[in-house]
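Quick notes on the structure that follows.
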Amino acid sequence: MKLGILDQSPIASGQSAQEALQASLQLAQEGDRLGYSRIWLTEHHDLPGLACSVPEVLISYIGAQTKNIRIGSGAVLLPHYKPYRIAETYNMLATLFPGRIDIGMGRAPGGSAEATMALSDNFLQNVYKMPELVQELLNFLRNEFPKEHPFSNVSAAPIPMVSPEPWILGTSGKSAKLAAENGTAYAFGEFMSENDGVQSFKQYREHFQTKGILKAPKTIITVSAICAETEEYAKEIALSNTLWKIQSGHGERKPVPSIEEVRNHEWTEKEKTQMETMHKKLIFGTPSQVKDRLLKIQEKYQADEIMLITITHKLEDRLNSFRLIAREILNS
């Protein structure tokens, strides 16, 4: 089983954004040492508790201080940007870190309506143009513009020896169809979707068209997981993540709470119901319990790789979760 890491650079209670970004570096270095295949950094704008607004900067920072792990965006929010600029950026990264760069593409705004307006004048129009934006970006990366196209002589320099690997990220059949039509790899965000990922993967595989260098469908399923030495402690850690997500969903601009803050929190009936719903998706427990759940996920989705997102208040709990899972699965 191949395992990857999705990191949102969460800001914990009592922590600065700088410390959160340094924690992302430490996680990447630990993932590199443990044998995780890749780490993707997310893009969020003016969202409470999340530090990374420009994943390309963090990718470069991490790439310079790791050796083997692949690094990429999860995802670059394409409707905000011109494809040429994104192609230049990721070709630059792929030139600096040969054979290690992924470019994940998504269509979400990544922040509030106000932040979206501040960032882009035509976001909603560009969401509808997502297929054209993806095609244009891929043409720059693959150097495949028709001769009559006005960009046929435009180079997204520097041209790397190994191109960044393109991925379409999504949570629905739309993204699966887009990935299949363009011959890219496909990642499904199971941890944040209520849609049927199995059906999305089926649609992707059945309609996959060979384009570029990818000769067969390639998939990742992303799940939320927290591992600890005991089930009780894993659940306690998980409650920090759960409460933070509930509060963020209510528009409260708060960092990830500590275990002590969670213990002192008076849960409303609505919050308890939300917690129970969220915990049905969250994988938490001992190494053997987490391994069992991940094996079932792999069997269900038949994905080439499982990507894990783990949010805890303490960095050491997050690192330990990845260590325990690696010891149980990658090093067994």
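The values are calculated or read from the model by the stated rules, or taken from the named source; none is laboratory data. The model shown is predicted, which means the values in this text are computed figures rather than measured ones. Counting neighbours? That spans all protein chains shown, and the Cβs are built from the backbone with ideal geometry, glycine included. Ligands, DNA and RNA are excluded from the accessible area calculation, which covers all protein heavy atoms including side chains. Shrake-Rupley method; radii C 1.70, N 1.55, O 1.52, S 1.80 Å.
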Highest-fluctuation residue, Leu21, Leu124, Leu178 considered, GNM on the chain with Cα pairs under 10 Å:
Leu124
In sequence order, calculated HN-Hα J values of the range 35-47 (Karplus, 6.51, -1.76, 1.60; Hz; x Gly/Pro):
x, 5, 6, 7, 10, 10, 10, 8, 10, 9, 10, 6, 9
Where the chain is the region considered: accessible area per residue in Å², 1.4 Å probe
47 Å²
Give the range of the longest stretch in the chain that excludes all GluC sites (Glu not before Pro) found in loop regions by DSSP and having at most 12 other beta-carbon atoms within 10 Å.
1-147
Charge dipole (the range 2-103, unit charges on Cβ, about Cα centre) - positive-most of Gly49, Gly31, Phe97:
Phe97
Given a 10 angstrom Cα cut-off, can you work out which residue in Gly170, Gly106, Gly14 is the most mobile in a GNM of the chain?
Gly14
Return the loop-located trypsin sites (Lys or Arg not before Pro) in the range 201-302 (DSSP other than H, G, I, E, B) with at most 15 other Cβ atoms within 10 Å of their own Cβ; answer none if there are none.
Lys215, Arg253
What number, in percent, do you get for the relative contact order of the chain if the mean sequence gap of Cα pairs under 8 Å and at least 6 apart is divided by its residue count?
19 percent
The distance between the Cα centres of the range 155-190 and the range 214-248, in whole Å, is 24 Å
Over 21 Å (Cα to Cα) among Lys245/Lys280; Lys2/Lys211; Lys147/Lys215; Lys177/Lys218; Lys82/Lys218 -> Lys2/Lys211; Lys147/Lys215; Lys82/Lys218
Tell me the Kirkwood hydrodynamic radius of the range 15-135 in angstroms, computed as one over the mean inverse distance between distinct C-alpha pairs.
15.0 Å
Filtered trypsin sites (Lys or Arg not before Pro), the range 65-153: DSSP coil and at most 16 other beta carbons within 10 Å
Lys67, Lys129, Lys147
Out of Ser258, Leu133, Asn143, whose Cα points farthest toward the positive end of the dipole of the chain (charges: +1 Lys, Arg; -1 Asp, Glu; placed on Cβ)?
Asn143
Output the relative contact order of the range 208-267, whole-number percent, from Cα pairs under 8 angstrom with separation of 6+ residues.
22 percent
Whole-Å distance linking the alpha carbon centroid of the range 95-137 with that of the range 58-86 is 12 Å
Cα principal axis extents for the range 106-178, largest first, Å
37, 27, 24
Solvent-accessible area, 1.4 Å probe, carbon plus sulfur percent, for the range 224-267:
46 percent
Relative contact order of the range 1-131 (C-alpha contacts under 8 Å, at least 6 apart) in percent is 23 percent
